[in-house]
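A short worksheet on the structure shown next.
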Amino acid sequence: MHQFSIFPQKSANFRGQSIDTLSDTLASYLAKEQIDQVRRAYFYAEQAHVGQRRRTGEPYVTHPLAVAGILAEMHMDHQSLMAAMLHDVIEDTGISKAALGAQFGDAVAELVDGVSKLTQIEFQSRAEAQAENFQKMAMAMAKDIRVILVKLADRLHNMRTLGVLKPDKRRRIARETLEIYAPIAQRLGMHNMRVEFEDLGFSAMHPMRADRIRAAIKGVRGNRREIVEKIRGSIEHNLQLEGHQARVIGREKHLYSIYRKMKTKRKSFSEIMDIYAFRIIVDSVDTCYRVLGCVHSLYKPVPGQFKDYIAIPKANGYQSLHTVLFGMQGVPIEIQIRTEEMEEMANNGIAAHWLYKTNTGEPTNSSHARARRWVQGLLEMQQHAGDSLEFIENVKIDLFPDEIYVFTPRGDIKELPQGSTAVDFAYAVHSDVGNACVACRINRRLAPLSEHLQSGQTVEIITAPGAQPNPSWLNFVVTAKARTSIRHFLKHCRKAESLSLGKRLLDTALNSLDTSLAQISDEQKQRLLRATGVDQFDKLLEEIGLGNRASFITARQLVSRAGDTSATNKAAHHEALAIHGTEGLLINFAKCCHPIPGDPIVGLISSEKGMVVHMVNCHNSVETHDKPERSISLRWADDVQGEFGCEIRVDLEKSRGVIATLATRITSLDANIKRITADDDNPRISIVRMIIGVHNRVHLARIMKRVRTIPGVAKVARIRH
Ligand code: MN
């Protein structure tokens, strides 16, 4: 198995390294006490993993040591290095997070815990289609970005030592690396890490193809070297003439990028290799632009190929000038121009922050500040916020403003829009789950269905047979799926309710004819269906409930036999249908007269709204007094429940705070104010109209009496339109 390393010279030192050689490296950028803490973490891990071996046969502790070594090459801080030393301790040795906290402080314990959590998720997530979601979620749920960096270093060392695993496991890990870890490294601007992930992953997934490309590169390298040196020499010479300090480096494409280009752009190997690429590294941004001018005068630039990523950095913070030139004999030459700092950023991305933290007196110009705004922003938030939850919120917003990622109890990942609730989640799982949902657990704790979900949470929906969606869910769901499903159900529900209302209406109508629905024979029903042309009795009941058919007439048709008129004669005295206040969607209370329990009422049947309850003396119901088939006599049930809207008008003298006093007085009397409007035309008197929810007339009378006692109130009256 071929080994590719992004740090060829340095990692050679770390292979088979000891804690002492690592300490020497750390001495170049960490303080003595910090190095001592890293060493202490190492010896702790050595003890904890004692007796455990890696598949290579080496003591287990060589792995965390190597992971710390990778982070040391990126000049990561001492806490990250300590976490690297301890990263498998919780998972593999049963030592608790609390114990680590007591030994090494909470920050390190949190980091180790974060890495362990990411590792556990890896085990659950099998579906490859979820790779992208997983990437995003891993990023979103890591409370501290250093968790990701430790995890990446862990994965990098495992990839470097992949050869010892069985082929199927090797392929699985390689695929996961290509699908998840390489893109994360790229997102964080960590070019070196990404390239090594890709080359190691590609070599493990497709060993034959990798070998062939590797051999081909070797084959052309000899011919290229001469041309590369010639171009490099002439660029360098010209820059020197102009007095610019610059390093000119020849670049070679990495294995996987060659493979990808051949595959996706359908280019031949020689076409890809026919391009010569250089990087020019200079001391300042200013020099970047002057060097650009210099190379453009040396070779002709290819039109449309110049890109200024210094002024407009890439989303991951990458900065550089890119240009393509026509070289000798028209050979294309790709040039990247950047400062040392941009180079460091381009190679190590977010991790470069820790390197630059140790340098002092660094002048920051505006484009530099802009380039690193993203990375810097994240890190500053983390440093200043202190609250890790706030940090994760901010990271999430920066990276993925609109989505959250949550788990089902089985470990599947669901992507939902920001602000989604458990109800949205339930409908995302299945509409049956949504419809039967009654409660939820978020991370195993019972939570309100309306609570906003956060990335990384596990959401469990508790369903109950026969449960129904609540219309109030429409106030907080955000997904279209939940919204449409709830609406659809309610519509369906209306149908069921109209059936039951129809049954009650017909039964009441039959009672007034001294019979009941139970006494009606099938034969009578069939006769009615034949007469009306409706094919099912339930449909007929539904039509009654919806107001498309009068119950009184239908009752008469049911009981009338040829020549029997006695039933019709009795129809004069209907027995009133009782209103309980709990009927649901199909009974509406009129918005004109606002009837409340205690008021004499009548039901008007309308085909759009079902039955609407009006006051008997409402002008709208008076009109239908001569159309008995459209109206139903009603009464309030003795046990009527609920809150009924009713409109009142209060005239009061204008004074500061009087409306507030009015509102407070009303709500203190157990009534809700549903709507309030004030008419201010009169300079002295305000006319306030409001709709308040009351239980009955007695309740209303008490409220009106108490409102009258408010100083400044001139008049209180119930109003009807
Ligand atoms: Mn590990």
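Scanning residues 5 or more positions from PHE589 or on other chains, those with amide H under 5 Å from its amide H are VAL613, with H placed 1.01 Å from N in the peptide plane. For the peptides 81-87, 329-335, residues were scored by their other Cβ atoms within 10 Å and the scores averaged per peptide; the highest-first order is 81-87, 329-335.
For the cross-link pairs LYS151/LYS253; LYS230/LYS300; LYS32/LYS151; LYS591/LYS674, which exceed 20 Å when the distance is taken from alpha carbon to alpha carbon? With Cα atoms farther than 20 Å apart: LYS151/LYS253; LYS32/LYS151.
Loop-located chymotrypsin sites (Phe, Trp or Tyr not before Pro) across the range 293-346 with a Cβ neighbour count of 16 or fewer within 10 Å are PHE306, with loop assigned by DSSP.
For the range 644-718, would you read off the P(r) tail past 20 Å as a percentage of all alpha carbon pairs? It would help to have the intermediate numbers written out before the result.
Working: 553 of 2775 pairs.
For the range 644-718, the share of Cα pairs beyond 20 Å comes to 20 percent.
Sorting 105-113, 709-717 by average packing, meaning the other beta carbons within 10 Å per residue, from highest down gives 105-113, 709-717. Across the range 549-558, coupling constants 3J(HN,Hα) worked out from phi with the 6.51/-1.76/1.60 Karplus curve, θ = phi - 60°, read 9, 7, 5, 4, 5, 4, 4, 5, 5, 5 Hz, and Gly and Pro carry x.
What is the packing order of peptides 219-228, 64-73, taking the mean over residues of other C-beta atoms within 10 Å and listing the highest first? Don't skip to the end; give the middle numbers.
On the way: 219-228: 12.5, 64-73: 25.8.
Going from most to least packed, we get 64-73, 219-228.
In a DSSP loop and with at most 10 other Cβ atoms within 10 Å, the trypsin sites (Lys or Arg not before Pro) in the range 477-565 are ARG561. Add +1 for every Lys or Arg and -1 for every Asp or Glu among the other residues with Cβ under 13 Å from the Cβ of HIS695, and state the total. Residues near HIS695 contribute -2 overall. The H on the amide N of VAL438, modeled in the peptide plane, is under 5 Å from the matching H of ILE462, THR463, ALA464, each at least 5 residues off or on a different chain.
Between beta-carbons, use under 9 Å as the cut-off and find the net charge around ALA277, counting Lys and Arg +1, Asp and Glu -1. Neighbour charge sum, excluding ALA277 itself: +1.
For ARG55, neighbours were defined as the other residues whose beta-carbon sits under 12 Å from its Cβ, and their charges (Lys and Arg +1, Asp and Glu -1) total +4.
Karplus-derived 3J(HN,Hα) values for the range 709-719, using 6.51 cos²θ - 1.76 cosθ + 1.60 with θ = phi - 60°, are 7, 6, x, x, 7, 8, 7, 10, 8, 7, 10 Hz; glycine and proline are entered as x. Taking the Cα centre of the range 644-718 as reference, the dipole from Cβ charges on Lys and Arg (+1) and Asp and Glu (-1) amounts to some 260 debye. Among the trypsin sites (Lys or Arg not before Pro) in the range 258-339, those located in a DSSP loop and surrounded by at most 16 other Cβ atoms within 10 Å of their own Cβ are LYS265, ARG266, LYS267, LYS314. Summarising the amide proton neighbourhood of ALA578: residues at separation of 5 or more, or on other chains, whose placed amide H is nearer than 5 Å comprise ARG635.
Bear in mind these aren't lab numbers, they're just calculated from the coordinates by the rules spelled out. Just so you know, these numbers come straight off a predicted model, no measurement behind them. For neighbour counting, all protein chains shown are included, and Cβ atoms are generated from backbone atoms with ideal geometry for every residue, glycine included.
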